[in-house]
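As structure tokens, the structure follows; a few thoughts come after it.
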Amino acid sequence: MKEHYYDALAQQFKKNSDRVINYFLIAFFLCGLLLAIFYDTWLIAFGVGGLSLVAYYSAKLILPHSNLYQYVLSTVMGIFMAQYIYQMHGLFEMHFLAFIGSAILITYRNWKLQIPLAIVVIVHHAVFGYLQFIGFDKVYFTQLEYMSLQTFIIHGFLSTVIFFLCGLWAHNFKIAGEQQTAQAMEIEKIFNRVDEVLFSIDMVNLQFLKISVACEKIYGYSTDEFMSGGGTWIKITHPGDRRIIMENNKALGLGRTITNHHRIIHKDKSIRWIELKLIPTLDQKGALIRVDGTSKDITEKIRLEKKLAEEIKQKQQQITAAVITAQENERTFLGRELHDNINPTLATAMLFIDSAVCDDEKRLSLMKESKSFINLALNEIRDLSKSLIPQPMKAISLKDTIRDMLDNIKQVNSHRITTKFEGIDETLISDSLKLTIYRILQEQVNNILKHAHAQTILIRLKQQGTVLQLKIKDDGIGFDVTRKRDGVGLQNIISRTELFNGSVLINSAPGKGCELIVHFNMDI
């Protein structure tokens, strides 16, 4: 591909140089006709000049894919110099035509083209100079009566230096052109390698100056389709977002760089989202003349953002529902405890008090009985409040609070409950986190007691540096963690954990018990 690019560029240079040479050759031929006026050398002007043109264009026509015609051109340049010298009867200034021809040949960027011209000049000077000075004065080589060998050598040396310099420049131009071509190719590769669409727009003529090949992937249209007219850009913009293009033009006219998102209609008729960045260029009068920019497909990003927003909304709804359900459950539990336990106890106490009022003989014993029922109610209220509101964590340690809760459970349940605390430094644990751990443990133990039909419960609270792990494991009936569950217990645990940027892992399967692992990083 690189060689092909070089060849294409060389052919373009060659074509441009050939076009310039056509004008020079016509000018040389016409100048020959003009010089014929001075000494009536029309035959030389038409004959030599015409044969030179025939030689050049014949070589070019016969060998169109060869560079041989360029070497013929170099020889023709030397012949025109000899023709002009002869037509002007040896006028010294006509010798400079060789240097003009040498400079013209630089356009081909080939130093070897200086060689035929130099040979013609040297042979012409040597032969015609010798002939004139031995008596053939009609060759009209020079108007000087005599040219010494020293003068001839200096003349030839300086001519050679000029030919050498022109050849050096031609070679340097070729090297510089190849380097520029290589750089242009690298820039072109980068331009077309990126996933984003890079483009430049002529805002005066509303035409794309350049657009990368990524346009075909993002828009579905080729670079040729974009370059053929500015209407493609408007056509692919979603009708509902075309007002954005109008707003862009206003902002660009004020010299503002803008970035926005809008929809486009892909060539396959699908709707896609594009992020567009536009950088304006204004002229000295402040008029918008050019816009450079980039665009990239953000359809997937928009889809994920919408999905995430929907998930966050659903998550919030779940949390809200879980909180409301938990509150209702708590109220139901509180009402049931008051109705089923405390109210009957207080009612019994009231009966004993009423009896004591009416029965003087048994008043004392009845009052004692009523007092015992009132104490029983107070104890039940105290136990109920402790289950709802644990003692302040500053007043009692987290480990003691957990032990107290589990001791109460052991009094009314036959479960084997094992508790382990490893490396716990409560000075590093905030009171709010302690309360969260307590509530998570309380929630999960209640779930086990109600649903797991377990015999054994293992509770381990482990701390390593700033990482805290709570593990609650039972040997109950377990459940399928992949199935959606309607209960709010686990949702409450997850919600409480997320408040402290923690994580919850549940390992369970039918008949395999359940293991709940909660991690907290106290650095976050």
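The values are calculated or read from the model by the stated rules, or taken from the named source; none is laboratory data. Not measured: the values here are computed from a predicted model. Neighbour counts are summed over all protein chains in view; Cβ atoms, including those assigned to glycine, are modelled from backbone coordinates with ideal geometry.
This table checks each residue for (1) at pLDDT 80 or above; (2) among the aliphatic types (A, V, I, L, M); (3) more than 25 Å from Ile271 (Cβ to Cβ); (4) in contact with a strand residue (DSSP E or B) (Cβ under 9 Å, 6 or more places away or on another chain).
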position: Ala126; (1), (2), (3), (4): yes, yes, yes, no
position: Phe133; (1), (2), (3), (4): no, no, yes, no
position: Lys138; (1), (2), (3), (4): no, no, yes, no
position: Leu144; (1), (2), (3), (4): no, yes, yes, no
position: Thr151; (1), (2), (3), (4): no, no, yes, no
position: Lys174; (1), (2), (3), (4): yes, no, yes, no
position: Phe208; (1), (2), (3), (4): yes, no, no, yes
position: Ser212; (1), (2), (3), (4): yes, no, no, yes
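For the range 54-72, the count of residues that are closer than 17 Å to Phe164 by Cα and small (Gly, Ala, Ser) is zero. Within the range 255-286, the set of residues being surrounded by 11 or more Cβ atoms within 10 Å (Cβ to Cβ) and more than 21 Å from Ile236 (Cα to Cα) comprises Gly255, Arg256, Thr257, Pro280, Thr281, Leu282.
Within the range 438-463, if we keep just the residues that are of a type in the set (A, V, I, L, M) and touching a residue at least 60 places away in the same chain (Cβ under 8 Å), the residue that is farthest from Arg496 (Cα to Cα) turns out to be Ala452. All told, Leu449 meets the bar of being buried (at least 17 other Cβ atoms within 10 Å of the Cβ), at pLDDT 85 or above, in contact with a His (Cβ under 8 Å, 6 or more places away or on another chain) and aliphatic (A, V, I, L, M).
Once the range 488-524 is narrowed to residues that are closer than 19 Å to Arg439 by Cβ and of a type in the set (Gly, Ala, Ser), the residue that is surrounded by the fewest Cβ atoms within 10 Å (Cβ to Cβ) is Ser503.
Of the residues that sit in the range 37-67 and are part of a helix (DSSP H, G or I) and of a type in the set (Ser, Thr, Tyr), which one is farthest from Ala10 (Cα to Cα)? In this case the residue turns out to be Tyr39.
Against the test of being β-branched (Val, Ile, Thr), assigned by TED's automatic domain parsing to the domain that holds Phe38 and out of contact with any Ser or Thr (no Cβ under 8 Å at 6 or more places or on another chain), the options Val48, Val121, Val76 yield a single qualifying residue, Val48.
Here the helices (runs of 4 or more DSSP H) wholly within the range 211-278 that include at least 2 residues being among the acidic types (Asp, Glu) are 223-227. Which ones in the range 419-446 are crowded, with 18+ Cβ neighbours inside 10 Å, touching a Lys or Arg at 6+ places or on another chain (Cβ under 8 Å) and either of a type in the set (S, T, N, Q) or outside the structural domain of Lys471 (by TED's automatic domain parsing) (or both)? The one that is crowded, with 18+ Cβ neighbours inside 10 Å, touching a Lys or Arg at 6+ places or on another chain (Cβ under 8 Å) and either of a type in the set (S, T, N, Q) or outside the structural domain of Lys471 (by TED's automatic domain parsing) (or both): Thr436.
Note on the range 111-162: residues that are over 21 Å from Ile44 (Cα atoms), of a type in the set (A, V, I, L, M, F, W, C) and not in a helix (DSSP H, G or I) total 3.
Residues that are more than 30 Å from Ala214 (Cβ to Cβ), out of contact with any Ser or Thr (no Cβ under 7 Å at 6 or more places or on another chain) and of a type outside the set (Gly, Ala, Ser) within the range 162-191 comprise Phe164, Leu165, Leu168, Trp169, His171, Asn172, Phe173, Lys174, Ile175, listed in sequence order. Scanning the range 307-332 for residues that are modelled with pLDDT of 75 or more and among the acidic types (Asp, Glu) yields Glu310, Glu311.
A quick yes/no check of all residues on (1) farther than 30 Å from Lys235 by Cβ; (2) in contact (Cβ under 8 Å) with a residue 60 or more places away in the chain:
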site	(1), (2)
Ala184	yes, no
Lys189	no, no
Phe199	no, yes
Asn205	no, no
